[in-house]
Each structure stands twice: as C-alpha cells, then as structure tokens.
Amino acid sequence: MLGNAQPRHLPDNRLGEGARLARDHGARHDTRMPEVSRQTVRDNAVAASRKQFLMVDQTVYLVAIAIAGLAACGNPGGTTAANKPDKVQIAAEGPFTGAQASIGAGALQAIKLALDDFNKKGGIHGTRVELVIWDDAHNAETAKRLQAGALSDPKILGIVGPMNSGVVEASEPGLESANPPLPFVTESASATRVTDAGFSVAHRVNARDDVQAAVGGKFMIDQGAKRVEILDSATDYSRPLADAVVSYLKSNAPSIVIDRNSARNGQKDFGTLVTRIKSFNADWVFFADEGTETAPLVQQMAHANLKIGQNIQFLGTDGENDPSIITTSQGAYLGAYASNITPDPQSLPSAARFVAAFEAEYGSDAISKAGPFYGSAYAATEVLLQAISSAAVNNRKISRADVINHLGSDTFTTILGPIKFDRKGDVPNATVGIFQAKGTQMVAVKQPTG
C-alpha cells in the first residue's frame, strides 16, 4: 500500500507572481468615474482596495490548493525521490529442476507472473522489484549455500519459499540470525515445526500437517475405511504427516485397523511393500509422499491386482495432487484421491483472472502441468510484495525488520482471499481440498475445509 499524497506548499516566488498578476489585471480596468465628492472618492477607493486585497488573497489561496491537488493526482502514493527505494529484490526458492520440478516449475511461473503484475502497477513507489531465483533442488545444504550471500544483502527483502519442509527447517536458524532477519513466505511447507519453532521470519499461506491429517483422516472415515495401510517415504515431510493421520484415526475411529510402514525416498521396487498391503487386506492406502514414489507404487499394486477404485482405495497428499502421475503410472493412478494444503484456484471466483492470465502467459495446457502449488505461490508473492510496499523508505532503503513487522500485522489481499498471519506465522483456518485423478486431471471432489 502506498502512502498518502502530501500537499506541497506553494513557493513564495509563486505567491508573488500571483499577486502581481492580480494587481496588473486590476490596473487594466477603466478607473474613470462620474464626478463625486473627494470624501466619497476616498471612501470608495479604500473599499475597492480592501476588496481587491481580499480577492487577491483568496485567489492565491485557491491556487495553492489547486497545485496541491494536482500534486496529489499526478503523484499517486506521494512518490518522491525521498521515498523511492534505490533497488528492491526478492528471491524465489524451491526445487525448480530435478526430481521435484513437477511441483516447483509451476510455482516459479506463478511467482514470475505475480511479480510482473505488481511491477506493471508501479512496483515499490516506482521502483521495479527484481527477482533472484534459487533452485535448491530440495536439498538443505544447497539452500543454505544459496541463502548465504543474501543474509547480509539489504536489497533482498524476502523469500517466496522455500517449498519443502525439511529445507525450511534447516534454513530458519540462518535466516533468523541475519541482521536484520530475512523473512520468508512459503507456499507449501506444511510441517508443524516450521512455525512452531517460533522464528519471526516464518510465514506460510498453506495449511499445516495437523490440519491436513485431520481432513484426510476424516475423509477416509466418511468413506467407510476399515483397514488402512499408512505409509511414508522416510522424509522429514512425510513421517510426521503419516504419524498425524495415525493419531487422528486412533482418536476418532478406534475401530479402524491400522498397519504402519515406510517406503524409501527414491524407491522403485515396491514388491515387498505391495505384498504386505495385500496380506494385510487393506481397503485403503494412505501414502504421505512428495510424488516421486507414487507412480511406481500404484503401478506395482495394479500388477498385483490391487486396483484403485475397484478393490482398494488410495489417498495421497499434496505432492500427489499431480496429474502427471496418471501418465507416469500408465493409468494405474486413476481413481486415486489426494489432499492438497491449498485450495484449487480454478474453483475460486477470486482467482479467475489469475487462472486466465496464467494460461495466456504459459499456454492453454499450463494449468495441467503447473503442479499443486501454482496458486499458493502467486498468493505468497502477493503477500510479500504488499508487506514490502507498506514498509517505510528511509534514505532510499527499506528495512527487512519493517517488512517482518508488516507481515505480522497486516491483512493481505490475495487470489486465495484475505490472508492474515497469527503470531506463529500461520493462517488460521487455512484450507485443505480433496482431489481425484479423473481422465487426465486432478479434479476437486470436496470443497476446501479449514
């Protein structure tokens, strides 16, 4: 948000010129009059002089107001050299290439689009915001190396991302210890520890694991689940989420029988695990995963006659809300469900213009390739840019400390609706949706739930 326009005072030389013009204008009038007494002439002259003085004074006053008004109209937000920052940068961080590019590439496209939209409206008091891209490839050490140079660079005012919970947790201490701290707004990191750790830099627009676990657990209960195989992929993201689902089911549906197991990150051969699922006689599989292991798992389930939507049901998490899994699994994923920690932009009237702009910029099939976080990435960028725009400019610089203050106090307008963070950096009542693999798409089947 831009500051209020400040009226500029009319310079003395402008006032003098106005008085002179008014004087000269009066002097050009015909001053001849009929014969009257000298006293009457003097009285009339005094009255005329007073009237002329009042008219000139009023004219100058109105000119001053008019100029101030023109200054306000022609200078929205009161932008002057004094409050126009020299340079403003934000970083986009995530797995933009590599095994998880399917979730990162679409998010990066959305960040670029959000920044372009913002700069077209004038940027930060007339300064265009520049984007620095950090491809961390879902690697914590890579992330810390990329962030290191920015910790002491005051031009970089915030990060959209990181996207993976493990990367975020490894990054938080360094971002917090920077002087001033370097804030981030993640579009997808859901581990409860991300915000429970108490770092002032931490903010996320997506739902937490405990909310996602409750929505997923309730969905399986409502669908009549009786025997649930609960799996993770042995990552910092997947283990706590799977454990949270176990806790929810035990608390809310103790009659459901649970078998708990793990896959390996990067695993390709699921023969032993599929045999266990079959011998357990599971009617549901819950798999907390970031998407890379799901296609070979469901393919091998189908080869063992465990066919999703027929004799077994499957519920994945946000990384599995990805239509590319349908193709990669040669259709074995059809009928599977996946929860997502952000709503579907295509189902939100507030995001209609964004969806149209995304397709116009990246192609009519861009949404199907964008992954689960393109909407939340755009919203996270909106939040960060609005916080920066609201921060004060001193000596043509913006302080990251002031950006953090605005992130903690302001309400932000986004394509996902209004966003206001609680004291931890979470969005209360953040939404989780349930989607199903149908045809070539992941289709929303349950409205987002807080």
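Computed values, structure above
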{"quantity": "Matching option when the condition is under 24 Å from I230 (Cα atoms), at pLDDT 95 or above and assigned by TED's automatic domain parsing to the domain that holds T440, among T317, T292", "calculated": "T317"}
{"quantity": "Selection count, segment 367-388, where residues are modelled with pLDDT under 95 and either under 20 Å from F118 (Cβ atoms) or not assigned by TED's automatic domain parsing to the domain that holds D410 (or both)", "calculated": "1"}
{"quantity": "Residue match in segment 82-101 (condition: under 30 Å from Q267 (Cα atoms), touching a helix residue (DSSP H, G or I) at 6+ places or on another chain (Cβ under 8 Å), in a helix (DSSP H, G or I) and modelled with pLDDT under 95)", "calculated": "no"}
{"quantity": "Any helices (runs of 4 or more DSSP H) falling wholly within segment 187-305 and containing at least 2 residues that are farther than 23 Å from Q100 by Cα and hydroxyl-bearing (S, T, Y)", "calculated": "238-252, 271-280"}
{"quantity": "Test: residue in segment 211-226 that is crowded, with 19+ Cβ neighbours inside 10 Å and under 24 Å from D402 (Cα atoms)", "calculated": "no"}
{"quantity": "Residue in segment 344-364 that is within 20 Å of L273 (Cβ to Cβ) and in a helix (DSSP H, G or I) present", "calculated": "no"}
{"quantity": "Only one of G198, G166 that is buried (at least 16 other Cβ atoms within 10 Å of the Cβ) and outside the structural domain of S324 (by TED's automatic domain parsing)", "calculated": "G166"}
{"quantity": "Only listed residue being under 21 Å from A213 (Cβ atoms) and among the basic types (K, R), chosen from K420, K424, K438, K369", "calculated": "K424"}
{"quantity": "In segment 316-343, residue surrounded by the fewest Cβ atoms within 10 Å (Cβ to Cβ) [restricted to those that are part of a helix (DSSP H, G or I) and among the small types (G, A, S)]", "calculated": "S324"}
{"quantity": "Subset of segment 222-259 (residues that are among the basic types (K, R) and within 18 Å of D210 (Cβ to Cβ))", "calculated": "R239, K250"}
{"quantity": "Out of F286, F280, sole residue that is among the aromatic types (F, W, Y) and farther than 21 Å from S190 by Cβ", "calculated": "F280"}
{"quantity": "Condition broken by D135, with the remaining ones in (1) free of Cβ contacts under 8 Å to residues at least 60 places away in the same chain; (2) more than 22 Å from the chain's Cα centre (by Cα) satisfied", "calculated": "(2)"}
{"quantity": "Residue among K250, K226 that is free of Cβ contacts under 8 Å to residues at least 40 places away in the same chain and of a type in the set (K, R)", "calculated": "K250"}
{"quantity": "Enumeration of residues in segment 426-449 that are outside any strand (DSSP E or B) and either at pLDDT 90 or above or at negative phi (or both)", "calculated": "D426, V427, P428, A430, T431, G439, T440"}
{"quantity": "Condition met for I133 (assigned to a strand (DSSP E or B), surrounded by fewer than 16 Cβ atoms within 10 Å (Cβ to Cβ) and out of contact with any His (no Cβ under 6 Å at 6 or more places or on another chain))", "calculated": "yes"}
{"quantity": "Test set (1) of a type in the set (G, A, S); (2) touching a strand residue (DSSP E or B) at 6+ places or on another chain (Cβ under 8 Å); (3) farther than 17 Å from G123 by Cα - A379 fails condition number", "calculated": "(3)"}
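The values are calculated or read from the model by the stated rules, or taken from the named source; none is laboratory data. Remember, predicted model here, so these are calculated numbers, not experimental data. Glycine also receives a Cβ, built like all others from the backbone with ideal geometry; neighbour counts cover every protein chain displayed.
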